[in-house]
Amino acid sequence: MSIDALQAGAAAPAQVLVPCSHCGLDVPHGLVDESRERQFCCTGCETAFGILHTHGLAAYYGFAERREGPVRGSGRSYEEFDHPAFAELYVKSLPGGRARTELYLEGIHCASCVWLVERVPLLQSGVLRSELDVRRALAVVEWDPSAVSLSAVARTLDALGYPPHPFRGVARADMRRREDRAMLVRIGIAGAIAINVMLTSLALYAGEVNGMEARFEQFFRWMTFAITVPAFIWPGRVFFSGAWAALRTRTLHMDLPIAIALAAGLVRGAINTITGTGPIYFDGLALLIFALLVGRFLQQRGQRLATDSAELLHAIAPDTARIVEQDRLREVPASALLPGMILDVRAGESFAADGVLLDGRTTVNAALLTGESRPTRVETGGNVYAGTLNVEAPVRVRVEQAGEQSRIARLLQQVEQSAARRAPIVLTANRLAGVFTAVVLVAAAAIFVVKSQLNLPHALDDAIALLIVTCPCALALATPLAITVAVGRAAGNGMLIKGGDALELLAKPGILVLDKTGTLTEGRTTLVTWQGPDWVRELVLSLEAGSSHPLADGFRRAWPDVAVHPVQHAEHVVGGGLTGVVNGHRVHVGSPRFVQQTTQGAASPHAMHWPELAPTLTPVHVAVDGVLVAVAGLGDKVRSDALPSLQRLRASGWRTLMLSGDSPDVATAVGQSLGFDASEVTGGASPEDKLRVVEQLKTEGTVVMVGDGVNDAAAIAAAHVGVGVHGGAEACLSTADVYLTQPGLTALVGLHEGARNTLRVIRRNIALSIGYNLVGASLAMAGILSPLIAAVLMPLSSITVVLGSWYGHSFPRRGTSRGTSRGTSRGTSRVTPAAHTPAASQSQPVPQS
């Protein structure tokens, strides 16, 4: 084709397109009304335009960045936002009759969105405040319920193109798919532009070899420039937006060196195009934008894979539920459940909300919440919880708590506080990334100036390559990503960690203070020894079956399969025990003094051979027809894994102390059995005493307090790290930094080892990122690395850190943990009990105070 034909094609008039007055997109020809001054691509844009101009908010159109798509109003009434149950779940009452809620808004992407959402009070009377966190697309709205309904506020946001959702009721998967689709469109456009620029540049490269007329060369220069500019205007704009935000907040963001490198290349190429001299960088720049976008997409997908592991508690709750309406079943999203609704839950399905069993009976596997390996029986009127598994029979459940008010959601809310509580090592890494960015900017400027003064070739290319290859993405990701993965893995192993700071403190040995009851011991009365014939068990259990005394509970749990017979003339003697007639035999069960009064010293011939009970046990004597026939010893059994776990912790360097509210004699006996020195055991400690001891110990080093979260709450809150053990879930939520859902101290050992491994992963990530940047910077400064190769290497460093965090050995992967492993899914649950150890039969029991 001749140059004249090319110029003629370029000069051909294009069809006139009318932009939308609101979003700027082209208006379809069928919607163009030449009689109107303003044209709109859809009714949604026309509505939004009218709202803004009616309320004097036309300044919105002065933003360089604003909505790039038509306003797609959903047309919903949002009446459910006015339901009292919705208010209980998502609305907080404030002084003066005001109300506040948090709403997730779709379509949020730039500063103009923030400006517009925060002016909703001007658009809707009765709205007092509207603030938007653009990063999370989370709007905080305050309004006067007596002046305007929440549904009206929601309709206003919807009309502006920001459909609202209750923050916990958002279908995140759908939104992520939309975000991924938008990113892929950017990548596709950047790739198409890069291909066309490369094809056009081939003509210039061919001209350098074979020669080309000046007018042709100038034409192809301008052609590549014209094709490259759109890559900066839309696909590459994300880097400039991030850089501008960094400048406004006076922080050194990782997008800043990238934006400077791209802008420098574009400006230099444009100058050379205008002057007709020197190299142009448009082919490399277009390909660079494409490579950077691909790298960012892969990096975000990797980060998302890691952060999703921290939400695994939500993952076990079903997405949908069946509700009963007028004897008909209807399936609805779990996020739409409200208190009072009736759920139909079949065997093998998980409960979608907390509720009460209306009819029937079933067994429920609540392993994730309670750590109990065996399903528990639930009768009519009993409580069930979201995420637990209905094992046995179909049931109907009345919803009591749903969404963020459910027990499992409250647990996860505590875990999610880790995002707001940064460990010192995270803060150090962030400061290091900022300093590194400043150093890179100065070094790139110095390289360009020095090489330009020395007339060395590729001065700008080397500076651009240095800016790109040393982007501190990997350094910024090294620490928070490793902590996020570790917190998620720990949750899968029954350790709910609320902050990265707790992980860092637990990694290094310090002072470990342990409560006794419920922590070192099982925290319940257990039948430890039985000396007597088996036929007496039926008589004892029959007499104890109707008693609520803790000792009676110990007998019932010890003999679940023993038959129970009717009891006649049953009597409870305060301070003594029980008596009654069972199968024609007069039976007495109680304290030695009480039983001795009935036997007058008569005893079974075998009694003289019975060994003396341990002083830490509570003795219970049994007499039948006036003869002592059996002696039982009951107490609070020391956990079978307590001694080996303490030995491992001491070997790791921990100093262990016992702080108990039990009597000093009992605490000392337990301490001796677990290897504590007398000076390391404190008994008879009140909650105030425990708090005082922990405060004193904090002057000696890092203090970790482990307890059940009830009488230990103050000490747990005061310690550097508070650990709540299995059995005290609700009490530990507000005070403990870590909650162990599995019984025993094995999880405590795993917690320390996992924290130590996490710090190793963090140090390795930081070393890799620093080493990569040093090597890349050296190659770029030496002129060995081109900008394009730098763009390929830059995301590889971030991907390396992502993979290193994901595959690093912090905590065992779900399903490979030691002791007890769990696997949960929607509708299925598997629990493998911990193996029985010989130590269980040798554990030292003590009475419960």
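The values are calculated or read from the model by the stated rules, or taken from the named source; none is laboratory data. None of these values were measured; they are calculated from a predicted model. Cβ coordinates were reconstructed from backbone atoms using ideal geometry, including for glycine residues, and neighbour counts include every protein chain displayed. To get the accessible areas, we keep the full protein, side chains included, count just its heavy atoms, and leave off ligands, DNA and RNA. Shrake-Rupley method; radii C 1.70, N 1.55, O 1.52, S 1.80 Å.
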Under a 5 Å amide H to amide H cut-off, with H placed in plane at 1.01 Å, what residues pair with MET658 once short-range neighbours are removed?
-> LEU514, VAL681, THR682
Linear extension gain, TRP234 paired with LEU199, 0.36 nm per residue minus alpha-carbon span = 10.5 nm
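Structure shown: which of LYS516/LYS698; LYS637/LYS690; LYS92/LYS516 lie over 30 Å apart, alpha-carbon to alpha-carbon? Intermediate results must be reported in sequence, preceding the final value.
On the way: LYS516/LYS698 20 Å; LYS637/LYS690 23 Å; LYS92/LYS516 40 Å.
Long pairs (Cα-Cα over 30 Å): LYS92/LYS516.
Using per-residue counts of other Cβ atoms within 10 Å, averaged over each peptide, order 768-778, 750-760 from highest down. Write down the numbers at each step before the final one.
Details: 768-778: 17.5, 750-760: 21.7.
With the highest mean Cβ count within 10 Å placed first, the list reads 750-760, 768-778.
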Exposure of LYS92 as accessible area (Å², to 10), given a probe of 1.4 Å and all protein chains | 110
Find out how many positive minus negative residues lie around VAL666, taking Lys and Arg as positive, Asp and Glu as negative, among other residues whose Cβ is under 10 Å from that of VAL666.
-> -2
